[in-house]
Structure formats: C-alpha cells, structure tokens
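**Q** Pasting a structure below so you can have a look.
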Amino acid sequence: MNTIMRKSVLGIAGLAIAGGLAAGPLNHNTDTPVEATPIAVAVQADKPTVDKAKLIPHGVQGQQSRIDLTDEQVANTKAIIAATKKADMDERAAVVAIATALQESKLENLGHLGDRNDHDSQGLFQQRPSSGWGTVEQITDPEYSTLAFLKGLKQVDGWQNMPLTEAAQTVQVSAYPFHYAQWEQQAADLVAEHWNS
C-alpha cells in the first residue's frame, strides 16, 4: 500500500507542476524595470491677448453683418494687419481698415470689374487711380493700399475718438457713409484673432 500511495502522491505532484508550468508563474515579479518610452508633449505658449476694449471703444452702431471668409480673404486680413503694424498704428486702426475693406470689397482684392466698377475703383479699399490713390498696380497691392488708407486716416484729426463709420467715411468719401458701421464687430473679431498670430 505504501507503493500505491507513493505513486499517487507523485502523480498528483506531477500534475500540479505541469499545470503550474502551463498556467505560468503565480508570483509576478513587479520589481523588473519596464523600459518606458518618453511621451512628447507639445506645449503651446499662449499668444498675448488683444485688449478688446480698444477694438470697439464706442460699441457697435446698428445691425452687424458677417460673412464667412475664404483663405484669400484671411490672407488679405493678415496683410492689412501687417501694414497697420508697419505704419506704427494700433489695433483700432486695423479694425477701421478691415471694416472699410469688408464694406468696399468684402476683403477681396478686386481688379477692374468692367460695367460693375464704380468709375475706376479697384483693390481692397476700392481706391481710384484718377483720385490720386496710386497706380492700378499700387492700389491692387494689399500692403500699398492699406498704407495709403492709413495715411489718410492719420490725417483725420481725432479719428481714434470717432465712431468707426465716421472715421472711415472721412477717408473714403463714400456715397454710402453709414455702411462701414455694419462690419465693426467682424473686423474687431478678426483683429483679435490675427493681431498676434
């Protein structure tokens, strides 16, 4: 009987060992270092914010209009902002310029439109070569046309304290002087978005 018992115990022990090997170790060693792959974290520095009170110091006048912009219109917006900085003028000047270009051309650098042209008006600001704004090549250059507009704006005494539509009209001498006001909010939003970009 001892022999049968011994064979049984050895058989059970063999099964236990074989089962343990098949199932894997019961005690996982957690002290083994795992090679870690560093994770790249992109940290974007916050852009300086624009003082929004400076953008619309008098509040908007009347009902506001808004359009969706194409890539070309956004590029023209950025060109106006760059020219404003080059002229050493502030964010409010950029708002006045962008609102004016929104009214005049919807921020599209328009060439001669044939019968649809207002005389010989062209470019972002619909400036006229015959009125001394420059040549066609100049007034269809976004930087030149913006600098020409801003030069006119600088000559308006107290433009910083005027409602936008009055400041723009003094430079542009439009047949529709109150139409500039409708673009003030979108112009301010565009300056806030792109001034520091």
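Each row is one residue, and each column tells you yes or no for (1) in a helix (DSSP H, G or I); (2) open to solvent by 50 Å² or more (accessible area, probe 1.4 Å).
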| position | (1), (2) |
| --- | --- |
| D120 | no, no |
| G134 | no, no |
| F149 | yes, no |
| V156 | no, no |
| T170 | yes, yes |
| Y176 | no, yes |
| Q186 | yes, no |
| D189 | yes, yes |
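**Q** For the list (1) at pLDDT below 90; (2) among the acidic types (D, E); (3) surrounded by 15 or more Cβ atoms within 10 Å (Cβ to Cβ); (4) in a helix (DSSP H, G or I), I need the number of the one condition that E104 fails.
**A** Here E104 meets the rest and fails (1).
The values are calculated or read from the model by the stated rules, or taken from the named source; none is laboratory data. Quantities reported herein were computed from a predicted structural model and do not represent experimental measurements. Positions of Cβ are generated from backbone atoms using ideal geometry, with glycine treated the same way; all protein chains shown enter the neighbour counts. For the accessible areas, the whole protein counts, side chains as well, though only heavy atoms, and no ligand, DNA or RNA atoms are used. Shrake-Rupley method; radii C 1.70, N 1.55, O 1.52, S 1.80 Å.
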